[in-house]
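The values are calculated or read from the model by the stated rules, or taken from the named source; none is laboratory data. Computed from a predicted structure; not experimentally measured. Neighbour counts run over all protein chains shown; Cβ positions are idealised from the backbone, glycine included. These accessible areas exclude ligands, DNA and RNA; they are computed on the full protein's heavy atoms, side chains included. Shrake-Rupley method; radii C 1.70, N 1.55, O 1.52, S 1.80 Å.
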Amino acid sequence: MKYIWVLLLCLGMVWNITAQVNTNQKNVIKNSFVSGEVLDVTSGEGISGATVVVIESPKIGAVTDTEGRFRIMLPTGAYSLKISAIGYQPLIKTDVIVNSGRECIVTAKMQTTTMEMQSVTVKGDYFDKAIQANNLSTIVLSAEEIRRSPGSAQDFQRILQSMPGVGFSSDMNNELLVRGGSPNENLVVFDDFEIHSINHYPNEMNSGGPINMVNVDLIEDIQFVTGGFTSKYGDKLSSVVLVNTREGRRNASLAGNINLSMAGAGTILEGGFGNGKGSWLFSARKSYLDLIVNAIGMTAVPKYYDGQYKITYDISEKHKLSFSGIYGNDAIDIKGDPSTDSYGSPNATYYTTYSSIVSNQYQYAVGGSVKSIWEKDFFTTFTLFNNRFNSDVDVINKLREEKFDRYGTLYSSRIASQSKRFARGADEEFNSVKLDAVWLATPGYELNFGGSIGSGAYKSNTNIYADTTRYKMPNGKYTYIIDSSSAILDDYNMFDQFKIYNYINNKFKLFDERLLLNIGLRYDYFTYSKVGNWSPRFSLTYYFIPQVMSMNLAYGYFYQTQAYPTYGDRYGQRINRYLDNTRAIHYVAGFEYVIADGLKLNIETYYKKYDRIPIDSTFINFDDKMYRSQYRVNIGKQYSYGIDCSLQQKLVSDIYGSVTFSYMKSRMEDPRIGHAGQEFPAEYEFPYLFTVIIGKRIAEARKWLDDSFFLLKYPSYLLPFSNDMEISVKWRYASGMNYTPKIYTRDINYLSQVIWNQGMWIDGDQINSSRYPDYHRLDIALNSRYNFTNFNLVVFFSIQNVYNRQNIEAYSYSSDGKRENVYQFSLLPILGIEAEF
């Protein structure tokens, strides 16, 4: 089988690594340090006098200094820290992994509390409530949770795809389809600046891609809000993804990480400067997926590399400067070859047309911010950033000739001709400056306000080349028709146009913090389309039992400007310039219950009502096959509703995991003439989603195996078992995606009764009436750590799609009338190694 060589390579490498490592691992010093800082979540100022206690060893701990910093020596292993301070909500930090060779860095952000301590027992927060804008539809992930998740390939968006209410289109893409929304409805905020995408191979209409550019080892935390977000965030309809990267190690002159896996290789370098006042961090990675593309069942050859950096410096005790940046460069060649038949009609010659796609892209985002504490109750963040996305795509039409001998056996297959049919280049750039401010007016009232102004440029060139098509006339003779070439030019000089927004959010804590309210208002204006919108937002949390059981509600208006290509038209007449912004109204109600330490149940229902969706007039006139127009009209309407349930267990002792279930219904009003009052399933409707993730941390596994019977001991060296390891599994089920059935025809009536010699597939009129087969997949991951005196080694081994389920991504249609399955990832073993120093 095609993946056997990959599996043998993995097993061989693991054998050599584990055998050598375990031989040398004995009598190694296994003590290291945990250091970090405890900060006020609102001001970012260090909290002096906070106590930090190791839950597994309550007699071990520390007290923070005047800058909020602490340092604790511990044996290597996994720990949880309980952090307490007068006037703050206690916090539990799980997944504190202590390795040899370098310190473990922890950043804890605490929220002030006004609860009467004598009247209620204040529980420790396992779920990072302090950094959440509200208590609704929010998930927080740490770097360690991302690293160990099975089937994610250390891509945090693939983990978010397992969250309740989130669908996905295929294994090949990490796009987020949130509660019936499209993949371009998700706002990404990277270190305080908003960017188009943080993925390789995105496009102007989609922020997703096959793999994320963010290095998991540089992540401090990820916040994912799937609905009802506050007025601080806008110009997106469905969700917000906040990516906060960590600082470099201020107490090290040089530290680093070298990693190697089947997907690529990379390095991380970091350190401090200025006597501990500053830090720097740099990451670089390069893929070599092109070497294993056949083993994983892909018909494309992807190549990419990326880089990331962060520099921070304390200008003074009250002002902090930081610079961040991310860069990605991508190339992919989608072959598009249809399958070859080994047998056909005797002495026959077949011709099949198909297309291949060649894409080259690059993107980057760079920015800087200054965080300032002006008074004990007034704080600001000033941010300046630039991001750019450039893409070139060529589509090449090919004609394949197949010849069969007198026995019907294929003896010749070749590309008879090929020509460039389509080429498109796009360049998008955006620059922005923004200010966010917080005023703590009273212990129970917080005012957030700010604004931004941004400008940029968008330019695209689309060329459709002349082509010659052979047709068969009714008299049996062939004729050739030349399709004339055309060009489309979109050139929006947005340095003369601006996107502007302002927001205000009032946050109240009432009735001894049992009632939390967010009441906000936002205004967005786009000078190109001359459209502005007011967006009221409201959310409420009421605690039946403080910090344990709550009811949550949210309501709000959300608007989104159109993707830049949507404003264009084929002839550059600006007929779509004044399109309205699409609107979604969110209604969310939820219930949350912390059952035990680190164990939380969450149930949410939602209703999303869309309108002002731009619809192509060609689709409106669907039944008129001669109608062609680039004009778009804001008449589209859609609704989505459903229920999301999740049960999450943090790593409190040695077990972690989650169970999520979602039911969804999403429908769109049919805008076509003659279909008034009818509906069809929305494109991203997934009626059922179900995911189970279970993981266990295992100590002293290698020692136990070494003392076992030799028939158990020596075969165990095939896998990276160590004395510090984790094993986890994930099973995911999803309803198949909708699609519109195609109809194969040889009769093209509107071409003067000309019959194409092969025929063609055309869209049927039953929009999204069919569904691909249901999707399900099992993934297994095993992570092992080996600690040495001056460094540590992490070996991770995983198998995606363990039982090799043939999940169908789409159908491929050939001009000879064949429909073939396009499959997603097949069984795929992955091995990776990281050396940290």
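Laid out as a table, the results:
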quantity	calculated
Qualifying positions in segment 554-610 - among the aliphatic types (A, V, I, L, M), more than 24 Å from ASN135 (Cβ to Cβ) and either at pLDDT 95 or above or open to solvent by less than 60 Å² (accessible area, probe 1.4 Å) (or both)	ALA563, LEU579
Odd one out for TYR627, checked against (1) surrounded by fewer than 21 Cβ atoms within 10 Å (Cβ to Cβ); (2) under 23 Å from the mean Cα position of the chain (by Cα); (3) hydroxyl-bearing (Ser, Thr, Tyr); (4) farther than 29 Å from PHE558 by Cα	(2)
Selected residue [under 24 Å from the mean Cα position of the chain (by Cα), among the basic types (Lys, Arg) and part of a loop (DSSP other than H, G, I, E, B)] from ARG805, ARG777	ARG805
Which numbered condition VAL189 misses (of (1) aliphatic (A, V, I, L, M); (2) buried (at least 23 other Cβ atoms within 10 Å of the Cβ); (3) at pLDDT 90 or above)	(2)
The one condition in (1) closer than 18 Å to GLY209 by Cα; (2) surrounded by 17 or more Cβ atoms within 10 Å (Cβ to Cβ) that PHE404 fails to fulfil	(1)
Flag if LEU647 is open to solvent by less than 10 Å² (accessible area, probe 1.4 Å) and either outside any strand (DSSP E or B) or closer than 29 Å to LEU599 by Cα (or both)	no
Residue ID - farthest from ILE575 (Cα to Cα), chosen from residues in segment 518-530 that are in contact (Cβ under 8 Å) with a residue 24 or more places away in the chain and not in a loop (DSSP other than H, G, I, E, B)	ASN518
Of all residues making up segment 374-388, the number that are at pLDDT below 90 and part of a strand (DSSP E or B)	1
Any hit, segment 159-174, residues being surrounded by fewer than 22 Cβ atoms within 10 Å (Cβ to Cβ), among the polar types (S, T, N, Q) and not in a loop (DSSP other than H, G, I, E, B)	no
From LEU136, LEU74, residue being at negative phi, surrounded by 18 or more Cβ atoms within 10 Å (Cβ to Cβ) and part of a loop (DSSP other than H, G, I, E, B)	LEU136
Given (1) open to solvent by 50 Å² or more (accessible area, probe 1.4 Å); (2) under 30 Å from MET626 (Cβ atoms), index of the condition ALA682 fails	(1)
Answer residue from segment 630-644, given it is in contact with a Gly (Cβ under 9 Å, 6 or more places away or on another chain) and more than 19 Å from ALA589 (Cβ to Cβ) and is least open to solvent (accessible area, probe 1.4 Å) among those	GLN638
SER412 free of Cβ contacts under 8 Å to residues at least 12 places away in the same chain, small (Gly, Ala, Ser) and surrounded by fewer than 14 Cβ atoms within 10 Å (Cβ to Cβ)	yes
Scan of segment 359-376 for residues that are open to solvent by 50 Å² or more (accessible area, probe 1.4 Å) and not hydroxyl-bearing (Ser, Thr, Tyr), ordered by number	ASN360, VAL366, LYS371, TRP374, GLU375, LYS376
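Here's the yes/no breakdown for (1) under 18 Å from SER238 (Cβ atoms); (2) under 14 Å from the mean Cα position of the chain (by Cα):
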site	(1), (2)
ALA130	no, no
ASN134	yes, no
SER137	yes, no
ARG148	no, no
ASP155	no, yes
LEU160	yes, yes
PHE168	yes, yes
